[in-house]
Amino acid sequence: MATIPQIFRSKVDRLLERTPEFQETSKDIAHQIHQMVLDGGEQARQVADVLHGKQVGHPLHPILTDITIGSWALGTLFDFLALITFSSTMRKAANRLVMIGTATAIPTALAGITDYSTIKQNAAQYGAAHGLLNSAAFYLYFRSLGARARHSYLKAFLYSFFGLGFAVLASWLGGDLVYRHRIGVNHAPPGEVDGWTPVMAADDLAEGEPTRVDVDEDTPVLLYRNGDAIHAIGAVCSHAGGPLEEGSFDGVCVQCPWHDSVFDLRDGQVVHGPATFEQPAYQTRVENGQIEIRQQLPEIDPIIVQVETPMGPVNGRVDLNEVESETIVDTE
């Protein structure tokens with residue numbers, strides 16, 4: 001027997017599938033926004049990187065939604081409590097929370113629109129519906145702020161109550177985008193290669209010709225020769241699973257052919273979004289005519305420990321011949 005979430009999801013699917021015009025319009029709008037970012041040059045891409053969440057290592061939008069929806073939900077609760085208790089303290093709390101939620105909805109929406117611009121094609125209509133529901137919630141909470149300014153607190157509560165309903169529906173759809181459509185998650189396989197592993201003959205890798213090799217079923221690797229250097233990173237784009245070997249190459253960078261994420265071939269780090277997760281990266285060497293790779297571990301700065309000894313404080317490594325006590329100083 002179907003559960004309530006399954007029934008609701010199937011109804012949403014049928015509704016969106018019955019509106020092909022909405023699907024096509026959703027894709028076109030997303031593409032146009034993304035093209036505007038690309039046409040804006042380096043500065044536009046840097047702004048988009050911030051909104052995608054490159055600097056925090058995963059999408060920024062969900063972080064901001066917690067603040068917005070949390071403030072709106074608590075504000076609506078305090079509205080209700082103020083109405084039944086006539087508490088001015090509750091009312092002040094409600095006013096401030098609704099104001100915080102409505103103010104933070106603006107950067108939250110900007111981050112969401114930026115992510116929507118590079119959404120998967122088969123999820124564009126769901127992303128657009130998510131945005132429209134959130135827009136309705138924002139409008140109702142904005143009207144609620146106006147009612148508060150006029151001291152119409154019952155009307156303010158009603159606006160907030162219905163606004164919260166739209167926000168909850170939008171949140172459900174947002175969760176469906178993440179957990180069912182896998183929007184905003186890491187699509188790159190872990191690609192763990194612990195020891196040196198031969199992957200292909202060195203002579204077969206031509207200068208400037210990207211090559212994909214499969215170390216095993218779960219480890220597709222992109223190899224690229226740039227001068228004397230051979231670079232190796234995961235071949236599946238972390239943003240949406242695009243084939244990086246089909247991308248465009250510029251020096252030590254590769255741009256995904258699907259949504260234009262840019263990665264550094266030397267360490268897999270994100271240069272430009274929409275990707276926020278780095279690619280698996282590998283060390284390379286040539287042994288007996290074969291290119292060998294192994295997992296590239298992230299560099300960790302040593303932790304310098306200060307130790308009091310009979311001869312005074314010692315930083316860094318300690319010559320045990322000069323001190324009597326044992327000193328442990330190294331990386332974690």
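The values are calculated or read from the model by the stated rules, or taken from the named source; none is laboratory data. Not measured: the values here are computed from a predicted model. Positions of Cβ are generated from backbone atoms using ideal geometry, with glycine treated the same way; all protein chains shown enter the neighbour counts. The accessibility values were calculated without ligands, DNA or RNA, using every heavy atom of the protein model including side chains. Shrake-Rupley method; radii C 1.70, N 1.55, O 1.52, S 1.80 Å.
Odds and ends about this structure:
- Qualifying residue in the range 174-186 (condition: open to solvent by less than 50 Å² (accessible area, probe 1.4 Å), touching a helix residue (DSSP H, G or I) at 6+ places or on another chain (Cβ under 6 Å) and under 21 Å from residue 74 (Cβ atoms)): yes
- A single entry from 312, 316, 273, 268 fulfils the requirement of being at pLDDT 90 or above and on the phi > 0 side of the Ramachandran plot: 268.
- Index of the failed condition, residue 144 passing every other in (1) of a type in the set (S, T, N, Q); (2) buried (at least 19 other Cβ atoms within 10 Å of the Cβ); (3) farther than 27 Å from residue 89 by Cβ: (3)
- Among residues of the range 39-51 that are without any contact (Cβ under 8 Å) to a residue 24 or more places away in the chain, those with a beta-carbon under 7 Å from a residue that is part of a helix (DSSP H, G or I) at least six positions away or on a different chain give the pairs 44/37.
- Those residues of the range 278-299 which are of a type in the set (A, V, I, L, M, F, W, C) and not in a strand (DSSP E or B), in sequence order: 297
- Output for the range 28-54, where each listed residue is surrounded by 15 or more Cβ atoms within 10 Å (Cβ to Cβ) and in contact with a His (Cβ under 9 Å, 6 or more places away or on another chain): 34, 45, 48, 49, 51, 52, 53, 54
- Filter result for residue 92 (touching a strand residue (DSSP E or B) at 6+ places or on another chain (Cβ under 8 Å), over 19 Å from residue 167 (Cα atoms) and open to solvent by 50 Å² or more (accessible area, probe 1.4 Å)): no
- Of the residues making up the range 63-82, not a single one is in contact (Cβ under 8 Å) with a residue 24 or more places away in the chain and over 23 Å from residue 162 (Cβ atoms).
- Qualifying residue in the range 282-291 (condition: touching a Pro at 6+ places or on another chain (Cβ under 6 Å) and modelled with pLDDT under 95): yes
- Every test in (1) of a type in the set (S, T, N, Q); (2) under 28 Å from residue 105 (Cβ atoms); (3) open to solvent by less than 20 Å² (accessible area, probe 1.4 Å) is passed by residue 219 save one, and that test is (2).
- Pair list, Cβ under 6 Å, 6 or more apart: the range 231-251 residue outside any strand (DSSP E or B), other residue aromatic (Phe, Trp, Tyr): 238/277; 240/258; 242/258
- Per-region count, the range 187-212, residues among the aliphatic types (A, V, I, L, M) and either open to solvent by 20 Å² or more (accessible area, probe 1.4 Å) or in contact with a helix residue (DSSP H, G or I) (Cβ under 6 Å, 6 or more places away or on another chain) (or both): 4
- Matching residues in the range 165-215 - criterion: being of a type outside the set (D, E, K, R), without any contact (Cβ under 8 Å) to a residue 40 or more places away in the chain and assigned to a loop (DSSP other than H, G, I, E, B): 185, 206
- Residue within the range 289-296 that is surrounded by 16 or more Cβ atoms within 10 Å (Cβ to Cβ) and either charged (D, E, K, R) or touching a His at 6+ places or on another chain (Cβ under 7 Å) (or both) present: yes
- Any hit, the range 121-141, residues being surrounded by fewer than 23 Cβ atoms within 10 Å (Cβ to Cβ), over 29 Å from the mean Cα position of the chain (by Cα) and not small (Gly, Ala, Ser): no
- Residues in the range 252-272 that are crowded, with 18+ Cβ neighbours inside 10 Å, of a type outside the set (Ser, Thr, Tyr) and not in a strand (DSSP E or B): 6 in all.
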